[in-house]
Amino acid sequence: MIIVLFGKPGGGKGTQAPLLAAALDVPTLATGDELRAAVRDGTPMGLAAKAAMERGELVPDAVILGILKDALSQPRFAKGAILDGVVRTVPQASGLSAMLAELGRTLDAVLYLDVPNDVLVERLSGRTVCEKCQTPYQGREPGTRCDKPDHGVLVRRKDDEPEAVRNRLQVYERDTAPVLDWYRQDGTKVARIDAVGSVPEVTRRALRALGVPS
């Protein structure tokens, strides 16, 4: 089962991805993790990504999709994957679909974690993240320590300030929201998940939308 997690900034994708992966017994696949691994390992796609970054450019979609194709070809993703942060624009959605077809695989569903904007502004402006592992926390003050083994210092990202969040949401509406319409027109199952509530509640709603007992 290959699932795309989709939603606004702060909608809970990073929180839900490992929980859904555990419930479905498949690994998560995050673009950032695979990109860093490809650069570290010096793969052909990793070298292309490194060259773009050293020029101060965004890594091209074709390179990102090549890195994801290399990852999905590995045995660890044979049973499927939860794709977190993979699709943010229509060209990326189209490219992912073509890449999966080349692998003889299909996208089973898009889970859209839906949260109202005012809730997101409040949620993100109260969020801190570990400066080392990027684990997010809600209601924890900057300067306290992460619970993970790295015990990194928690910081508030500049793009989590209220005005910055509103700007990010405007970018989402302009560039990312049209992806949902593309998937619907393409015939892919799109399930809207009410992502306001406790973490376990949202996980159960997502699993029910996939027809999986929770």
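Contact annotation: residue pairs with Cβ atoms under 7 Å, 6 or more positions apart or on different chains, pairing a residue in segment 132-144 that is farther than 24 Å from GLY197 by Cβ with a partner that is among the charged types (D, E, K, R) and assigned to a loop (DSSP other than H, G, I, E, B), are LYS132/ASP150; CYS133/LYS148; CYS133/ASP150; PRO142/ARG156.
For MET45, the criteria (1) of a type in the set (A, V, I, L, M, F, W, C); (2) more than 21 Å from PRO136 (Cα to Cα); (3) crowded, with 19+ Cβ neighbours inside 10 Å; (4) under 18 Å from the mean Cα position of the chain (by Cα) hold in every case but one, which is (4). Across segment 66-97, the qualifying residues are those that are touching a helix residue (DSSP H, G or I) at 6+ places or on another chain (Cβ under 8 Å) and farther than 23 Å from GLY7 by Cβ, and the one among them that is least open to solvent (accessible area, probe 1.4 Å) is GLY66.
Annotation note: Cβ proximity below 6 Å between a residue of segment 90-102 that is in contact (Cβ under 8 Å) with a residue 12 or more places away in the chain and in a helix (DSSP H, G or I) and a residue that is of a type in the set (A, V, I, L, M, F, W, C) and open to solvent by 40 Å² or more (accessible area, probe 1.4 Å) (sequence gap 6+ or interchain) occurs for VAL90/TRP182; ALA93/TRP182. The single residue among VAL110, VAL129, VAL119 that is assigned to a helix (DSSP H, G or I), under 23 Å from SER198 (Cα atoms) and of a type outside the set (Phe, Trp, Tyr) turns out to be VAL119. For segment 164-214, the candidate set comprises residues that are out of contact with any strand residue (DSSP E or B) (no Cβ under 7 Å at 6 or more places or on another chain), over 16 Å from ARG88 (Cβ atoms) and assigned to a loop (DSSP other than H, G, I, E, B); within that set, the residue that is most open to solvent (accessible area, probe 1.4 Å) is PRO213.
The values are calculated or read from the model by the stated rules, or taken from the named source; none is laboratory data. Here the structure is a predicted model, which means the values were calculated and not measured. Every residue, glycine among them, receives a Cβ derived from its backbone with ideal geometry; neighbour counts consider all protein chains shown. Heavy atoms of the whole protein, side chains included, go into the accessibility calculation; ligands, DNA and RNA do not. Shrake-Rupley method; radii C 1.70, N 1.55, O 1.52, S 1.80 Å.
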